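Chemist: Please find one structure pasted underneath; my questions will follow.
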Amino acid sequence: MKFIPDAIRRTVAERALLAEKHSPTILLGVGVVSMVGSTALACRATLKLDEVLEAIEQDKQKAISVKNMVAAGETPEGVTYTDSEFKRDNAVIIARGVGNIAKLYAPSIILGGVGIACLTKSHMILRDRNMALTAAYIAVDTAFQRYRERVVDRYGEDTDRELRYGSEEVTVINEETGKAVDTVRVESGEPSGYARWFDDESSVNWNRPEFNEYNLQFLRSQQNWANDMLRSRGHLFLNEVYSMLGLSHTSAGSIVGWLYDRDNKRGDNYVDFGCWEPETGRLLEFFEGSNGREGAILLDFNVDGPIWDLMDERNAKKEMEWDAQQRRLES
């Protein structure tokens, strides 16, 4: 029996954690329902508004009638109704009418306020979670890049590629003679990170191996186009590059990409598909024909990171520069 309280406590904690996880969705639903209910109550109150306005008008007419009767001498002797009293009664009538109107619309206003509060809270929770995820991504990406740099320094770029893409060289044996006839590089599954295969299985723009030169020309032209877009617009999402190549979109591709900045310290200020040697422009042997795919090309994109975070950093930097310039001018 002594374990029952702990079990109940854990169950309650699990339910609370589950509710916290889905709190943005719950708050969004409550907010939408509240706003719809607020609109319905407001429409219902409007139907009764004429009665309240009519009562206010009747009270005003009564005050005017009394004032006219006093002015015409139709009231008992000694009865007075001054202009200040008339104005005071009108103010009381209007204040009471406004109060009645407020009571009429109070349920709608309260429910609408609850809806706005729920929608705002839902937005704030999602915003905070996105900020936390972005910070976590940046931390992991920074650690990964530093790790790769250490691997390259110690073992070289070839080993870094083999470890990163999980590929290895396999010797092809002739079944009849039992002798090795060829060596190919294979890789299990799809590449990790933002790398994608460009081949007949993934893109409609792929040409058959005998026309492989067209594939290279196409990739170069698309890379040039992507760089032109980056320079002209100042930003480019990875999914946009995927679309240029005829590749399917990814969830990460709608967030990460490139940002063009004169003083870019996070990225390269250009789009690179990562499959050519920088000096010679020759297609790297490692990225062609891997995984047993004849002529297939592995593309590894040099994204800068999450676009929204990079834009916030750039805007903050521009504001600091503007403030510093203003201070210099004032001094």
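Chemist: Which members of the range 112-155 meet the condition of being of a type in the set (S, T, N, Q) and over 20 Å from the mean Cα position of the chain (by Cα)?
Modeler: Thr142, Gln145
Chemist: Here is a follow-up. Within the range 117-131, can one find any residue that is in contact with a strand residue (DSSP E or B) (Cβ under 8 Å, 6 or more places away or on another chain), over 30 Å from Ala40 (Cβ atoms) and in a helix (DSSP H, G or I)?
Modeler: No, that holds for no residue.
Chemist: Would the range 66-82 turn up any residue that is assigned to a loop (DSSP other than H, G, I, E, B), without any contact (Cβ under 8 Å) to a residue 24 or more places away in the chain and surrounded by 14 or more Cβ atoms within 10 Å (Cβ to Cβ)? Break it down into steps so the answer makes sense when it comes.
Modeler: Looking only at the range 66-82, we keep the residues that are assigned to a loop (DSSP other than H, G, I, E, B), and these are 72-82.
Then drop every residue that is not without any contact (Cβ under 8 Å) to a residue 24 or more places away in the chain, which leaves 72-82.
Retained after the next criterion (residues that are surrounded by 14 or more Cβ atoms within 10 Å (Cβ to Cβ)): 81.
Yes, some residue in the range 66-82 is assigned to a loop (DSSP other than H, G, I, E, B), without any contact (Cβ under 8 Å) to a residue 24 or more places away in the chain and surrounded by 14 or more Cβ atoms within 10 Å (Cβ to Cβ).
Chemist: Among the residues of the range 195-221, which ones are touching a helix residue (DSSP H, G or I) at 6+ places or on another chain (Cβ under 9 Å), under 15 Å from Gly274 (Cα atoms) and surrounded by fewer than 18 Cβ atoms within 10 Å (Cβ to Cβ)?
Modeler: Ala195
Chemist: Another one. Within the range 232-253, which residues are more than 22 Å from Asn215 (Cα to Cα) and either surrounded by 14 or more Cβ atoms within 10 Å (Cβ to Cβ) or not assigned by TED's automatic domain parsing to the domain that holds Pro306 (or both)?
Modeler: Passing the criteria: His235, Leu236, Phe237, Thr250, Ala252, Gly253.
The values are calculated or read from the model by the stated rules, or taken from the named source; none is laboratory data. Predicted model, so just to flag it, every value in this text is computed and none were measured. Glycine also receives a Cβ, built like all others from the backbone with ideal geometry; neighbour counts cover every protein chain displayed.
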